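The values are calculated or read from the model by the stated rules, or taken from the named source; none is laboratory data. What you see is a predicted model, and the numbers here were worked out from it, not measured in a lab. When we count neighbours, we look across all protein chains shown, and the Cβ atoms used for this are built from the backbone with ideal geometry, even at glycine. When the accessible area is computed, the model is the full protein with side chains, heavy atoms only, and any ligands, DNA or RNA have been set aside. Shrake-Rupley method; radii C 1.70, N 1.55, O 1.52, S 1.80 Å.
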Amino acid sequence: MSILISLLYTFITALVFYLLLNLRPRHSKRLPPGPSPWPIVGNLPHLGTIPHHSLAALAKKYGPLMHLRLGFVDVVVAASASVAAQFLKTHDANFASRPPNSGAKHIAYNYHDLVFAPYGPRWRMLRKICSVHLFSTKALDDFRHIRQEEVAILTRVLVGAGESTVKLGQLLNVCTTNALARVMLGRRVFGDGSGTGDPKADEFKDMVVELMVLAGEFNIGDFIPALDWLDLQGVTKKMKKLHTRFDSFLNTILEEHKTGNNGDLLSTLIALKDDADEEGGKLSDIEIKALLLNLFAAGTDTSSSTVEWAIAELIRQPQLLKQAQEEIDTIVGRDRLVTELDLSQLTFLQAIVKETFRLHPSTPLSLPRVSSDDCEVSGYHIPKGSTLLVNVWGIARDPEVWTDPLEFRPTRFLPGGEKPNVDVRGNDFEVIPFGAGRRICVGISLGLRMVQLLVATLVQTFDWELAKGLEPEKLNMDETYGLTLQRAEPLMVHPKSRLAHHVCKSC
């Protein structure tokens, strides 16, 4: 009975809040257009099961700047490059912080990480640490050999698969995670790199995917605070359980490193604990674990998923795969593996990667930002406290900007193509897979290097066949929604080595 009374009280409270908010004009100034909200839940039902698809469809009706009411929260959606540029460039400082959300609270150590930390001194301290010690050009060059060694190990594993079917995404995730772990921790976290069925690798991949799914959920409690304690979708319970698993994993790593300096980047972070930043204070164990969580989640799954999408597209268009192989054969040859130092000369390969980022951005909806003050965009009033979502996926498929936007066409980024000078580093808003402005992904340089090296190596070393004799044109290219863009079905393939045996064996 007490539960029923609590539920009734919660419903009445939510209804009163809704009526108070809606029986008077919320904003005297003109808001952007958008669909009419439902009582209490607002436009949450309009998001559907794959929100970036639903929002792209709504933009066709209401325009490239929309206003939604998600519960009691004002949300603005940017669905064109020009509108995104106004938010992330002109008004970047006003949208430099994150709105409260259950994922940051229950998974990311209550906003102590870099990705969800509020804009301010502590965020600047964490970003500075990452920029100087993890992602500077010198740091990336110093650890180039590790990335190349791990990619070479992946190559040997695929060669050794013979006629077996491999789940490419899983092996890519092992490769990217071990490459990052060797830099951060001085060791692999999954087996010896042989790729022979490491249960821990499977579990970790599942944990990361679950994190991305949960973090991408539109949790009702975030938008209707009165209902938060009910956890109607069971999201909070799942988040807390997943946090416990990650925290155990990270605690073990951290305690192992406190016994001495291992010459890796985690040892550097631990050494920095005694150095107080002028603004942000000292680095704590919680912040170190939160940074590791960011790196192992955002720095592994995003890269491996992007490469999986790229190979799937090349399998569907074998003429593109052949063209990329011919470029690598001409510039690199077939007597050694491609290296990071070769990448700048592989213009067609770079175009393939750009087109993959365009058509399959690793983060289809940008991580939300929140406005610190009122502002005006495209003649519309944007209220203080509004949450901003940028539909990265929708912008990159805008028919007003792209010719045949649903076609995988790398030549659009080559000289003579429609967008030969477009970059993906946040300056050209037609393609912003890493975001833009102050909150752009701090690991963009590492992500680009890893994705390009992996795609180049897989193109150079193998021809690809689909499992069970599936014809390329029948390959399922459906998406499943999460914070990152996952394939609905994993890519199952037979790799056929195209290099001499001694080349792969000596990798």
Exercise for review: Could you tell me which of the residues 327, 340, 313 is closer than 30 Å to residue 58 by Cβ, at pLDDT 95 or above and of a type in the set (D, E, K, R)?
Suggested key: 313
Check your understanding: Within region 484-497, restricting attention to residues that are open to solvent by less than 40 Å² (accessible area, probe 1.4 Å) and in contact with a strand residue (DSSP E or B) (Cβ under 8 Å, 6 or more places away or on another chain), which residue is nearest to residue 330 (Cα to Cα)?
Key -> 495
Review point. Which of (1) closer than 23 Å to residue 360 by Cα; (2) hydroxyl-bearing (Ser, Thr, Tyr); (3) at pLDDT 95 or above does residue 49 not meet, given it meets every other one?
Key: (3)
Practice item. Would you check which residues across region 230-248 are surrounded by fewer than 19 Cβ atoms within 10 Å (Cβ to Cβ) and either farther than 29 Å from residue 44 by Cα or without any contact (Cβ under 8 Å) to a residue 40 or more places away in the chain (or both) and list them? Key: 231, 232, 233, 234, 237, 238, 241, 244, 245, 247, 248
Exercise for review: Please state which of the following conditions residue 354 fails to meet, knowing it meets all the rest: (1) open to solvent by 20 Å² or more (accessible area, probe 1.4 Å); (2) more than 19 Å from residue 404 (Cβ to Cβ); (3) assigned to a helix (DSSP H, G or I); (4) modelled with pLDDT of 95 or more.
Suggested key: (2)
Study note, to complete from the structure: Residues in region 140-180 that are without any contact (Cβ under 8 Å) to a residue 60 or more places away in the chain and of a type outside the set (Val, Ile, Thr) total 10
Check your understanding: Which residue, of 171, 154, is part of a helix (DSSP H, G or I), more than 19 Å from the chain's Cα centre (by Cα) and within 20 Å of residue 490 (Cα to Cα)?
Key -> 154
**Study point:** Residue, surrounded by the most Cβ atoms within 10 Å (Cβ to Cβ), within region 27-68, restricted to residues that are part of a strand (DSSP E or B) and more than 25 Å from the chain's Cα centre (by Cα)
**Key:** 42
Revision key, fill the gap. Taking region 87-102 and keeping only residues that are assigned to a helix (DSSP H, G or I) and closer than 27 Å to residue 39 by Cα, one is left with 102
Review point. Within the set of pairs 6 or more residues apart or between chains, which connect a residue that is outside any loop (DSSP other than H, G, I, E, B) and modelled with pLDDT of 95 or more inside region 416-437 to a residue that is open to solvent by 50 Å² or more (accessible area, probe 1.4 Å) and among the aliphatic types (A, V, I, L, M) with Cβ atoms less than 9 Å apart?
Key: 437/93
Exercise for review: Given the conditions (1) open to solvent by less than 30 Å² (accessible area, probe 1.4 Å); (2) assigned to a helix (DSSP H, G or I); (3) not polar (S, T, N, Q), report the number of the one that residue 283 does not fulfil.
Suggested key: (2)
Exercise for review: Quick one: in region 190-238, of everything that is of a type in the set (D, E, K, R) and over 28 Å from residue 366 (Cβ atoms), which residue is modelled with the lowest pLDDT?
Suggested key: 192
Check your understanding: Which residues, taken from region 85-130, are charged (D, E, K, R) and within 27 Å of residue 210 (Cβ to Cβ)?
Key -> 98, 105, 113, 127
Review point. Which residues, counting only those in region 326-342, are part of a helix (DSSP H, G or I), in contact with a helix residue (DSSP H, G or I) (Cβ under 6 Å, 6 or more places away or on another chain) and open to solvent by 10 Å² or more (accessible area, probe 1.4 Å)?
Key: 327, 331, 340
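This table checks each residue for (1) assigned to a helix (DSSP H, G or I); (2) open to solvent by 30 Å² or more (accessible area, probe 1.4 Å).
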{"site": "85", "(1), (2)": "yes, no"}
{"site": "104", "(1), (2)": "yes, no"}
{"site": "113", "(1), (2)": "no, no"}
{"site": "117", "(1), (2)": "no, no"}
{"site": "127", "(1), (2)": "yes, yes"}
{"site": "139", "(1), (2)": "yes, no"}
{"site": "158", "(1), (2)": "yes, no"}
Practice item. Go through region 294-314 and give me each residue that's open to solvent by 10 Å² or more (accessible area, probe 1.4 Å) and either outside any helix (DSSP H, G or I) or out of contact with any Gly (no Cβ under 9 Å at 6 or more places or on another chain) (or both). Key: 299
Practice item. Please find, within region 214-229, the residue that is surrounded by the fewest Cβ atoms within 10 Å (Cβ to Cβ) out of those that are among the hydrophobic types (A, V, I, L, M, F, W, C) and outside any helix (DSSP H, G or I). Key: 218
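Condition check ((1) open to solvent by less than 50 Å² (accessible area, probe 1.4 Å); (2) over 14 Å from residue 432 (Cα atoms); (3) assigned to a loop (DSSP other than H, G, I, E, B)) across all residues:
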site: 362; (1), (2), (3): yes, no, yes
site: 367; (1), (2), (3): yes, no, yes
site: 373; (1), (2), (3): no, yes, yes
site: 381; (1), (2), (3): yes, yes, no
site: 384; (1), (2), (3): no, yes, yes
site: 390; (1), (2), (3): yes, no, no
site: 397; (1), (2), (3): yes, no, yes
site: 400; (1), (2), (3): no, yes, yes
site: 403; (1), (2), (3): no, yes, yes
